[in-house]
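Notes to accompany the following structure.
The values are calculated or read from the model by the stated rules, or taken from the named source; none is laboratory data. Predicted model only: the values in this text are computed from it and were never measured. All Cβ positions, glycine included, derive from the backbone under ideal geometry; neighbour counts span all protein chains shown.
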Amino acid sequence: MAHMRAEDEREMMSQTLQVDCIETAGEIGALLLESHMIKSLNPIFNVRLRRLRKLCTLQVDEVGEGLMPVIVSGSDLGLGQVDGLYGLFSSVHSAQSKLRELSDQHRLCLGLMGLEKISKRGCFGLQVKTCLGACVGLEPREQHDQRLMTALADLKVHAWPFPGAIDLVEQNDSWIQRHRIQDWRYLSTSCSKAGNLKVSVQQSFDLDTYKILVKPIMLGTARMELVGS
């Protein structure tokens, strides 16, 4: 373990008495199992994948003559089940920080983004030439709103694209594992070797599970079967 030079790594290894290995039929199953076990066992040295009880997201509302991103609680909106949501954040502060970052990158008005007040002279960004003037009519509001939607596009939270549950199937030679997923929630795994694996059914949207599943499902790179079809 000579590569473990950081103090916290040495401390972790000094307390390790046993290393267990659980083999899976594929990478997605390994990632789902890792996330599930961390949330179930709460290891003291791994906090990144611990469950976030509350998530914020962005919803774009029509305010006045244009669009404005509004920070809302994910639990109130059915995360992963409805369209029109952008970004997943652990706090209101982190959501505001992301909006400020996007405003800088796309020259959006902080006032029209709901992040500061607009005076008769416009927003502060107009004074320092980071805003193109939509807040005082120097730029058409439609152009500002188009840049806003372009800025948010990469943050889109995808709604569940199936009418019900699916089995995400991974196969290694004759070994098959089926991961039951619905509304981005990990429900169970059935294994041709070991039967049903013991997992706690996710009752609500989980950020880490979504991150694991969204690309292979939305890009169609995973083998998927509709349950009951």
Tell me yes or no: at least one residue of segment 205-219 is modelled with pLDDT of 95 or more and assigned to a loop (DSSP other than H, G, I, E, B).
yes
Only one of (1) in a helix (DSSP H, G or I); (2) at pLDDT below 95; (3) within 21 Å of His144 (Cβ to Cβ) does not apply to Leu99, and that is (2)
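Looking at segment 73-96, which of its residues are in a helix (DSSP H, G or I), under 20 Å from Asp183 (Cβ atoms) and without any contact (Cβ under 8 Å) to a residue 60 or more places away in the chain?
As a first pass, look at segment 73-96 and keep what is in a helix (DSSP H, G or I): 74-76, 92-96.
Cutting the leftovers down to under 20 Å from Asp183 (Cβ atoms) gives us 74-76.
Listed by number, the list holds a single entry, Asp76.
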Subset of segment 199-229 [touching a residue at least 24 places away in the same chain (Cβ under 8 Å) and of a type in the set (Lys, Arg)]
Arg223
Of all residues in segment 163-197, which are in a loop (DSSP other than H, G, I, E, B) and closer than 22 Å to Asp83 by Cβ?
Pro163, Gly164, Ala165, Asp183, Trp184
